[in-house]
Amino acid sequence: MNDNFYILSIDGGGYRGIFAAHILAKMEDQFGIQWKGTFKLFAGTSTGSILAAGLACGLRAEALLDFYKDHGNIIFKPRKRALVDPFKLFTSRYSSVELKKLLDEKLGETLLGQVTSPLIIPSVDISNGKVHVLKSRYDQGFCRDPKVRVSDAVLASCSAPTYFDPRIVDSYELVDGGLWANNPSMVAAIDANYRLGIPFENIRVLSIGTGTSRQFYPRSEVPRWTRVWKWLQGWGLMTRWQSGKLVDLILELQSQNAHSSLCLMLGQNPMHATSVLRLNFESDTYLPMDKTSKGDDWIAHADHCFTHHADDIKAFLNLK
C-alpha cells in the first residue's frame, strides 16, 4: 500500500510560468496523469497559483499552457506613457485589467470554499506587514477564505511589486506571495503535516520552478570608462538596482532557500533528496519575468527538462 502524500508545488516567475505549464502538459500527454487523483495538495505562488488553482479546479494542463501562449502579450502589455508620468516612476509597469478579465474567464465564479482539493495560494498583506495564505476549505479549523473567488486569490498572488498594483481581497490589501514564499513547497509540506496530520516521512513534493539565473548584476571589475558611468549612476532603486530586477532577485533567493529548507526539514540532503523532486532550469543570463518573446526558449528548456527527468517523474509518482 502506498501511503505517500503527494504535493504539487509551483514557483512564481511571471511569464516564465510557461516553463512549468509545458512540463505539466507533457506529463498529462505522456502519462495520462489525473491531477486530482495523484496529488492530494496543490500549492502555487504568483504565476504558479494560476497553474495550481487551475488544476485543483479541474482544468487541463494543456488549456493552462494555451493561457500563456495566447495571452502573454496581452497580460504583459506595457502601459502607455502618461503626460503626468512619462517615465513611469509613479505607476506599476503593467495594468492588471486584462489579467483579471482572463482569470475570471478561466476560473469563473468558483469560490475557494467550493474547491474540493486542498489548495494553497501565498500572498502578502502589505497594510499589516504580514504573510497571508489563501486556502481552500480543507481544514475546518481554518475557514477565513471560503467566499473568496479563486480568480481573486490568484490575481492577488500574481501582483508582484512594481509589476502590478496590489489587490483588495476581503478588506486585505494583497501582493505577490513570492516576497516570502516564491517557492511554496515548504509552506505546503508544513500545512500538510500540521493541518492534515500527514507525517513528514510520508510527504512527497513535486516542486516545479520557473528558471534560475546565474547572474543578476554584473561584477564591479569593469573597464575604467564603465566604472565612471556606474559611479555616476549610483545604487539607487531606479538606477543600478533596477527595481524590477531587484524584485526578481528577492524572489529567486526565496525559492532557493525554500527548497533547501524543505529538504532539511524532511531530513534529507538538498542535493540528493528522495522525498522532493525539483524540476527547474538554469541560465547564464538574467531571466526577466515579463519577456514574452522568450516563451519559445523557455518551452525548449521545459522539453529538455522533461526528457531528462521523465523516468524520474514516473518513479517518483509511482506511475505505471
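Here are some notes:
- Longest segment of the chain lacking GluC sites (Glu not before Pro) that sit in a DSSP loop with at most 16 other Cβ atoms within 10 Å: 110-220
- Cα centroid separation, the stretch 133-195 to the stretch 251-268 (Å): 19
- Converting phi to 3J(HN,Hα) with the Karplus coefficients 6.51, -1.76 and 1.60 and the offset θ = phi - 60°, the stretch 300-317 yields 4, 4, 5, 4, 5, 4, 5, 4, 5, 10, 4, 5, 5, 5, 4, 5, 5, 8 Hz in sequence order, with x at every glycine or proline.
- FRET efficiency for Ile250 and Asp165, using Cβ-Cβ distance with R0 set to 22 Å, rounded to 0.05: 0.75
- Backbone N within the stretch 271-285 under 15 Å of label point (7 Å from Glu201 Cα along the Cβ vector): 275
- His272/Val131 FRET efficiency (R0 30 Å; Cβ-Cβ; nearest 0.05): 0.50
- Multiplying the residue separation of Ser260 and Gln114 by 0.36 nm and subtracting their alpha-carbon distance yields 49.2 nm.
- Each stretch of four or more DSSP H residues adds -39500 (n - 2.57); spread over every residue of the chain, this sum gives -13000 deg cm²/dmol at 222 nm.
- Full-extension gain in nm, Asp66 to Gln215, via 0.36 nm per residue minus C-alpha separation: 50.7 nm
- Global size of the chain: 19.5, 67 Å for Rg and Dmax (C-alpha atoms, Rg to one decimal, Dmax whole).
- With Cα atoms, 0 to 90° folded angle of helix 47-56 axis to the chain main axis: 20
- Which listed pairs, of Lys40/Lys135; Lys130/Lys294; Lys36/Lys100; Lys291/Lys314; Lys69/Lys100, have C-alpha distances above 22 Å, in listed order: Lys130/Lys294; Lys36/Lys100; Lys291/Lys314
- Sorted fewest first by neighbouring Cβ atoms within 10 angstrom, Asp165, Asp311 come out as Asp311, Asp165.
- Sorted largest first, extent of the stretch 9-168 alpha carbons per principal axis (Å): 53, 38, 24
- Contact order for the chain, expressed relative to its length and based on alpha carbon pairs under 8 Å spaced 6+ residues apart, stands at 24 percent.
- Charge tally in the Cβ shell below 10 Å around Cys57, where Lys, Arg are +1 and Asp, Glu are -1, Cys57 excluded: +2
- Expressed to the nearest 5 percent, the antiparallel share of DSSP beta bridges inside the chain is 45 percent.
- Computed from label points 7 Å out along Cα-Cβ, the spacing between Asn2 and Thr38 is 0.9 nm.
- Each residue in Thr212, Thr47 was given a count of other beta-carbon atoms within 10 angstrom of its own, and listing them fewest first yields Thr212, Thr47.
Rule-based calculations on the coordinates, nothing more; no lab input. Please read these numbers as outputs of a predicted model, since none were measured by experiment. Virtual Cβ from ideal backbone geometry, glycine too; neighbours counted across all protein chains shown.
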